[in-house]
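Down below is the structure, laid out as structure tokens.
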Amino acid sequence: MIEIKNVSKVFKTKEGTVDALRDVNITIPDGDIFGIIGMSGAGKSTLVRCINMLEKPTKGSVLIDDTDLCTLSEKQLRKVRKNVTMIFQSFNLLMQKNCLKNVCFPLELAGVKRADAKKRALELLELVGLQDKAKAYPAQLSGGQQQRVAIARALATDPKVLLCDEATSALDPNTTGAILELIADINKKLGITVVVITHQMSVVERICKHVAIIDDGCVAEQGEVAQVFADPESDAAKQLVYSDELSKIIDQCGGFGHTVRVVFNGAEAAKTPLIAQLAESKGILANIAYASTKSIGDKAYGSMILGIDGDEKVLAQSLDFITSIKGITAREVFVNDK
Ligand SMILES: Nc1ncnc2c1ncn2[C@@H]1O[C@H](COP(=O)(O)OP(=O)(O)OP(=O)(O)O)[C@@H](O)[C@H]1O
Ligand SMILES: [Mg+2]
């Protein structure tokens, strides 16, 4: 388990001080895929660099399996970093070495015999689907393939934790999907805890179980991904979750009485004829401005934006009715939530 406790990080620069993290508290369970999401400059990379002590927190502590990393010596930290490895947006491969040697590198640093290192590296290249590229140089590979090599290298020392800082941000959507699938597969097969840093909600929805939303150095909200998607509370979460939907509505419609976002959790909830029941039993008319479905984890979620014409009382009645149905959440949304 990773426990980030009251972590603050202040950078002192010539221009003044930067509060990159402010009193951050996050617990990441073993075996989880945990997303850390936020806008550019929010503090995500600083936070993830505090998990392997590439940055020392100014205040607070980072505990991995009850060991406070802030109290360890540089030598002890080198050991920790074999257990907590990292991949990056820019892959960071050694361009003068072929794929096999890139993967062997951390093993040789750890004192593994050359022949054993080679054997292990070949196994890892096979795990990431690149057994036929052992002799190729990074420049001869696509971005997705380079990230696969970086993943194989990160796994070389049998880590317990894999930190991914914008690991798919330089890749096209299809390649992003394939790399996320590989990461999810590794999490499942090897039981490694994965921390995924991203600015894209789609990445979090695709593979993460839990998420923390970082806004201006603070945790704005955290919880299960499905819960945050269905009912975001903070402005930062709303901005991430609603961005697609609300911008579409504003373009296409606008001018409703009230705008309500309804989320169906799973197939059961989707069977309820919600709009018809709202009209029949409450006499309330709603128009569907937008509807979509998506998969979060292994469950299907439907979301709708309804326009409900009427006063506050009609709105309250509608929300009461809709949220009384099991597996459905609803909340009024505002154009400026976007
Ligand atoms: N070494 C440093 N010295 C001074 N300021 C820094 C340093 N590293 C980060 N910062 C500042 O801390 C804040 C958080 O930066 P960080 O890189 O953690 O953001 P981020 O969320 O990862 O952003 P991005 O999505 O653009 O990668 C920014 O204001 C940044 O300028
Ligand atoms: Mg960053």
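Bear in mind that the values in this text are calculations on the coordinates, not laboratory data. Since the structure is predicted, the reported quantities are computational estimates derived from the model, not experimental observations. Backbone-built Cβ (ideal geometry, glycine too); neighbour counts: all protein chains shown.
Summing Lys, Arg as +1 and Asp, Glu as -1, what charge do residues with Cβ under 11 Å from the Cβ of Ala269 carry, Ala269 excluded?
Neighbourhood net charge equals +2.
Only Cα pairs within less than 10 Å get springs; with that Gaussian network setup on the chain, which residue of Ala121, Ala286, Ala167 has the largest fluctuation?
In this elastic network of the chain, the residue with the biggest mean-square fluctuation among Ala121, Ala286, Ala167 is Ala286.
Quick one: net charge of Ala121's neighbours, Cβ under 9 Å, K/R +1, D/E -1?
+4
Hey, can you grab everything whose amide H is under 5 Å from the amide H of Asp215? Only 5+ residues off in sequence or another chain; H modelled, so Pro and N-termini drop out.
The list, which skips near neighbours in sequence, is Ala220.
Each residue of the stretch 280-294 in turn: what ³J(HN,Hα) in whole Hz from Karplus with 6.51, -1.76, 1.60 and θ = phi - 60°, glycine and Pro shown as x?
Working through the residues one at a time gives 5, 8, 10, x, 9, 9, 10, 10, 8, 8, 6, 8, 7, 10, 8 Hz.
If you average the sequence gap of Cα pairs under 8 Å that are 6 or more apart and divide by the length of the chain, what percent do you get for the contact order?
With pairs under 8 Å counted, the relative contact order is 17 percent.
Looking only at the chain, where both bridge partners belong to it, what percent of the DSSP beta bridges are antiparallel (to the nearest 5)?
Here the antiparallel bridges make up roughly 70 percent for the chain.
In whole Å, what is the distance between the alpha-carbon centres of the stretch 37-65 and the stretch 76-125?
23 Å
Can you give the FRET efficiency to the nearest 0.05 for Ser73 and Asp244, using r as the Cβ-Cβ distance and R₀ = 51 Å?
After rounding, the FRET efficiency stands at 0.60.
For Arg206, Arg120, Arg22, what ranking results if the residue with the fewest other Cβ atoms within 10 Å of its Cβ goes first?
Starting with the residue having the fewest Cβ neighbours, the order is Arg22, Arg120, Arg206.
Could you state the angle between the C-alpha long axis of helix 173-190 and the longest principal axis of the C-alpha atoms of the chain, as a value from 0 to 90 degrees rounded to the nearest 10?
Taking Cα atoms only, the helix is inclined about 70 degrees.
Between the stretch 198-247 and the stretch 144-158, what is the separation of their alpha carbon centroids in Å?
Result: 28 Å between the Cα centres.
Quick one: among Glu108, Glu15, Glu312, which has the greatest mean-square fluctuation in a GNM of the chain with alpha-carbon springs under 10 angstrom?
Its mean-square fluctuation being the largest, the pick is Glu15.
What distance in nm separates the two pseudo spin-label positions at Lys119 and Ile288, each 7 Å out from Cα along the beta-carbon direction?
Between Lys119 and Ile288, the label points sit 5.9 nm apart.
Please give the contour-minus-distance gain from Lys97 to Thr27: 0.36 nm per residue of separation, less the Cα-Cα distance, rounded to one decimal in nm.
Extending this stretch completely gives an extra 21.4 nm.
So how compact is the stretch 1-117: Cα radius of gyration and Dmax in angstrom?
Using the Cα atoms of the stretch 1-117, the pair Rg, Dmax is 16.5, 51 Å.
For the stretch 28-44, in order, what is each residue's ³J(HN,Hα) by Karplus, 6.51 cos²θ - 1.76 cosθ + 1.60 with θ = phi - 60°, in whole Hz (x at glycine and Pro)?
For the stretch 28-44, the Karplus-derived couplings read 10, x, 4, x, 7, 10, 10, x, 10, 10, x, 5, 4, x, 5, x, 4 Hz, x marking Gly and Pro.
If you rank Arg78, Arg331 by fewest surrounding Cβ atoms within 10 Å, what's the result?
Arg78, Arg331
Under a no-solvent Debye model with one identical scatterer per Cα of the chain, what's log10 I(q)/I(0) at q = 0.06, 0.08 Å⁻¹?
Listed by q, the Debye log ratios stand at -0.27, -0.47.
If amide H atoms are built 1.01 Å from N in the plane of the peptide, which residues on other chains or at least 5 residues away come under 5 Å of the amide H of His210?
Excluding prolines and chain starts, which carry no amide H, the hits are Ile33, Gly35, Val225.
Against the empirical 2.2 N^0.38 Å scaling, what ratio does the C-alpha Rg of the stretch 116-170 come to?
This ratio for the stretch 116-170 stands at 1.12.
If you rank Leu163, Leu278 by fewest surrounding Cβ atoms within 10 Å, what's the result?
Ordered from fewest to most neighbouring Cβ atoms within 10 Å, Leu163, Leu278 come out as Leu278, Leu163.
Amide H to amide H under 5 Å from Ala300: which residues, 5+ apart in sequence or cross-chain, H placed 1.01 Å off N in plane?
Here the answer is Gly266, Ala267, since their amide H atoms fall under 5 Å of that of Ala300.
Determine the dipole magnitude for the stretch 136-245: charges of +1 sit on the beta-carbon of Lys and Arg, -1 on that of Asp and Glu, nothing else is charged, the reference point is the Cα centre, and the result goes in debye to the nearest 20.
Computed about the Cα centre, the dipole is about 760 debye.
What are the lysines whose alpha-carbon lies under 28 Å from the alpha-carbon of Lys188, with same-chain residues fewer than 8 places away excluded?
Lys5, Lys44, Lys79, Lys82, Lys101, Lys118, Lys119, Lys133, Lys160, Lys209, Lys294, Lys299
Please check: in the Gaussian network model of the chain (C-alpha springs, under 10 Å), which one of Asp216, Asp311, Asp23 has the largest mean-square fluctuation.
Judging by the Gaussian network model, the answer is Asp311.
Relative contact order for the stretch 1-71: what is it in percent, counting Cα pairs under 8 Å that are at least 6 residues apart?
41 percent
Relative contact order of the stretch 62-134: what whole-number percent is it, with Cα pairs under 8 angstrom and at least 6 residues apart?
Relative contact order here is 21 percent.
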